[in-house]
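S.K.: Got a structure for you, questions after.
The values are calculated or read from the model by the stated rules, or taken from the named source; none is laboratory data. Quantities reported herein were computed from a predicted structural model and do not represent experimental measurements. Glycine gets a Cβ as well: all are built from the backbone with ideal geometry, and neighbour counts include every protein chain shown.
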Amino acid sequence: TNSVFTGLETTVFERMSRLAIAHQAINLGQGFPDVDGPQDLRQVAADTLMEGPNQYPPMLGVPELRQAVADNNKRFYNLDVDWQTEVMVTSGATEALADTIFALVEPGDEIILIEPLYDCYLSLAQRAGATPVFVKVTPPNWELREEELRKAFSSKTKAILLNNPMNPSAKVFTTQELRLIADLCIEHDCYAICDEVYEHIVFDGEKHHPLMTFQGMRERCIRIGSAGKTFSLTGWKVGYITAAPNLLEPIAKAHQFITFTTPPNLQKAVACGLNKADDYYINFEGELKAKRDLISKPLQEMGFNVLPCEGTYFVTCDFSTLSFTGDDVEFCQKMVEEAGVAAVPISAFYGTQGPKTFVRFCFCKKNSVLEEALGRLQKWL
Ligand code: PMP
Ligand code: GLN
């Protein structure tokens, strides 16, 4: 019945999490860790909450956190960022995306979305009155085809939305692909909205390269991060935007009318997080890589075709190698009911027709939980 409200469906994550609870299943669907982030950050949040003040913090975010975001840009990407005019704190990356799209995109503008896409992109674009133009990256390697991308750009293109590292495909865009996207943005004079919430989850010695670091892109990119991902605190909903002053200004105006601010104690705690020494980031990536490996090999041995996972905490599997005959939604339904393991069907990440035999497993869970899930799947298959 809510389908009349274009773009406002119940998310696949919410639906699968409800099913997981109903069937007492292990939830490898919705992406969230089952262990809370660093205790010291939680302590800072608790102490700051008690000390106060607990009133509206500055609209752009508390200075400590804006400075920390700017410092992080310098430390990891050698980007020089002015914390006062180029950084804004938001209530999660989701709010950052909403602020950006509502500020920069006008009804009738085209916005390029790469499929499979994180679900809020299409909803936000549609509610902003934009026309989505889809480009597919295709499994198993999720390659971006130059001709298809080139064709998607037009004189009406206002922005491309790039999620790198990419949920749910676990793809990390190559520097050649990024250069191509940059060139097309420059040629067509449009923005790149860069959802980089998984920037610190890139495996196998690769490094994250923000599109913003590419020549000609500093003034065109809106770079978005999230403490939820980087510090395993998804419930806090603290995100941040880095963008040139003339872009941040209208985005901040949208932010005034969407949330205006984000809880000050959480902001101060996240500032401490971003200022952590390099070893925090190295360990975080290392632990997740071990979990990726822990889950990937047994899934492959069970008969799934496990696709490469270059970043994020998701792994996508093709189940067409198994004897199951239904589509991915049916597969996930059966798996949650019969095996007691929840995953997410990849077709939910498409605005157009998508592939129907892929499912996404989230692996940022305790090893014992991953092992239990694997055991259940083994028994079921
Ligand atoms: N973008 C992507 C690609 C995500 O996977 C998620 C969430 N998990 C978000 C944005 C939303 O982040 P937040 O919870 O900070 O709003
Ligand atoms: N980003 C999380 C995921 O991809 C879900 C967040 C949500 O439920 N909206 O699973």
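S.K.: Mind checking whether some residue in the range 305-322 is closer than 30 Å to residue 133 by Cα, touching a Lys or Arg at 6+ places or on another chain (Cβ under 9 Å) and at pLDDT below 95?
M.R.: no
S.K.: So which pairs qualify, if the first residue must be in the range 210-239 and within 17 Å of residue 13 (Cβ to Cβ), the second must be near ligand 1 (Cβ under 10 Å from one of its atoms) and basic (Lys, Arg), the Cβ gap must be under 7 Å, and the two must be at least 6 apart or on different chains?
M.R.: Short answer, once both residue conditions are applied: 228/237.
S.K.: Any idea how many residues of the range 331-371 are in contact with a strand residue (DSSP E or B) (Cβ under 6 Å, 6 or more places away or on another chain), away from ligand 1 (no atom under 16 Å from the Cβ) and among the hydroxyl-bearing types (Ser, Thr, Tyr)?
M.R.: The number of residues fulfilling the criteria is 2.
S.K.: Turning to a different aspect of this structure: Would you pick out the residues in the range 16-29 that are within 16 Å of ligand 1 (Cβ to nearest atom) and either buried (at least 19 other Cβ atoms within 10 Å of the Cβ) or hydrophobic (A, V, I, L, M, F, W, C) (or both)?
M.R.: Initially, the range 16-29 is screened for residues within 16 Å of ligand 1 (Cβ to nearest atom), giving 16-17, 27-29.
Of everything in the range 16-29, those that are within 16 Å of ligand 1 (Cβ to nearest atom) and either buried (at least 19 other Cβ atoms within 10 Å of the Cβ) or hydrophobic (A, V, I, L, M, F, W, C) (or both) turn out to be 16, 27, 28, 29.
S.K.: Just the residues that are under 13 Å from residue 259 (Cβ atoms) and either away from ligand 2 (no atom under 16 Å from the Cβ) or of a type in the set (S, T, N, Q) (or both), please, taken from the range 90-106.
M.R.: Within the range 90-106, 90, 91, 94, 99, 102 meet the criteria.
S.K.: Moving on to the next point. Which of the following residues is in contact with a His (Cβ under 7 Å, 6 or more places away or on another chain) and not small (Gly, Ala, Ser): 40, 99, 82?
M.R.: Details: 40 fails: in contact with a His (Cβ under 7 Å, 6 or more places away or on another chain); 82 fails: in contact with a His (Cβ under 7 Å, 6 or more places away or on another chain).
After ruling out the rest, the residue left standing is 99.
S.K.: If you don't mind, another one. Could you list, in sequence order, all residues of the range 20-49 that are assigned to a helix (DSSP H, G or I) and within 15 Å of residue 373 (Cβ to Cβ)? Break it down into steps so the answer makes sense when it comes.
M.R.: Within the range 20-49, the first condition is being assigned to a helix (DSSP H, G or I), and the residues that meet it are 20-22, 39-49.
Answer for the range 20-49, where residues must be assigned to a helix (DSSP H, G or I) and within 15 Å of residue 373 (Cβ to Cβ): just 20.
Okay, residues lined up against (1) in the same structural domain as residue 14 (by TED's automatic domain parsing); (2) touching a residue at least 12 places away in the same chain (Cβ under 8 Å); (3) surrounded by 19 or more Cβ atoms within 10 Å (Cβ to Cβ); (4) of a type outside the set (A, V, I, L, M):
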site: 87; (1), (2), (3), (4): no, yes, yes, no
site: 109; (1), (2), (3), (4): no, yes, no, yes
site: 115; (1), (2), (3), (4): no, yes, yes, yes
site: 118; (1), (2), (3), (4): no, yes, yes, yes
site: 126; (1), (2), (3), (4): no, yes, no, yes
site: 134; (1), (2), (3), (4): no, yes, no, yes
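S.K.: Scan the range 321-365 for residues that are among the aromatic types (Phe, Trp, Tyr) and farther than 18 Å from residue 26 by Cα and jot them down. Break it down stepwise before answering.
M.R.: Going residue by residue through the range 321-365, those that are among the aromatic types (Phe, Trp, Tyr) are 324, 331, 349-350, 358, 361, 363.
Within the range 321-365, 324, 349, 350, 358 meet the criteria.
S.K.: Next question. I'd like to know if the range 341-349 contains one or more residues that are outside the structural domain of residue 134 (by TED's automatic domain parsing), surrounded by fewer than 20 Cβ atoms within 10 Å (Cβ to Cβ), touching a helix residue (DSSP H, G or I) at 6+ places or on another chain (Cβ under 7 Å) and not in a helix (DSSP H, G or I).
M.R.: Going through the range 341-349, the residues outside the structural domain of residue 134 (by TED's automatic domain parsing) turn out to be 341-349.
Retained after the next criterion (residues that are surrounded by fewer than 20 Cβ atoms within 10 Å (Cβ to Cβ)): 347.
The next check asks that each one be touching a helix residue (DSSP H, G or I) at 6+ places or on another chain (Cβ under 7 Å); those that pass are 347.
Next, only the ones that are not in a helix (DSSP H, G or I) stay: none.
No, the range 341-349 has no match at all.
S.K.: Scan the range 228-253 residue by residue and report those that are away from ligand 2 (no atom under 16 Å from the Cβ) and part of a helix (DSSP H, G or I).
M.R.: From the range 228-253, those away from ligand 2 (no atom under 16 Å from the Cβ) are 240-253; that's our starting set.
Scanning the range 228-253 gives 245, 246, 247, 248, 249, 250, 251, 252, 253.
S.K.: Output the residue which, of all residues in the range 176-220 that are more than 17 Å from residue 248 (Cβ to Cβ) and of a type in the set (Val, Ile, Thr), is nearest to the chain's Cα centre (by Cα).
M.R.: By that ranking, first place goes to 197.
S.K.: Which number in (1) over 30 Å from residue 135 (Cα atoms); (2) in a loop (DSSP other than H, G, I, E, B); (3) of a type in the set (D, E, K, R); (4) free of Cβ contacts under 8 Å to residues at least 40 places away in the same chain marks the one condition that residue 365 misses?
M.R.: Looking at each condition in turn, residue 365 falls short on (4).
S.K.: Something else about it: So if I check each of 33, 38, which one is at pLDDT 90 or above and away from ligand 1 (no atom under 16 Å from the Cβ)? Write out each step before concluding.
M.R.: Numbers: 33 fails: away from ligand 1 (no atom under 16 Å from the Cβ).
Only one candidate qualifies: 38.
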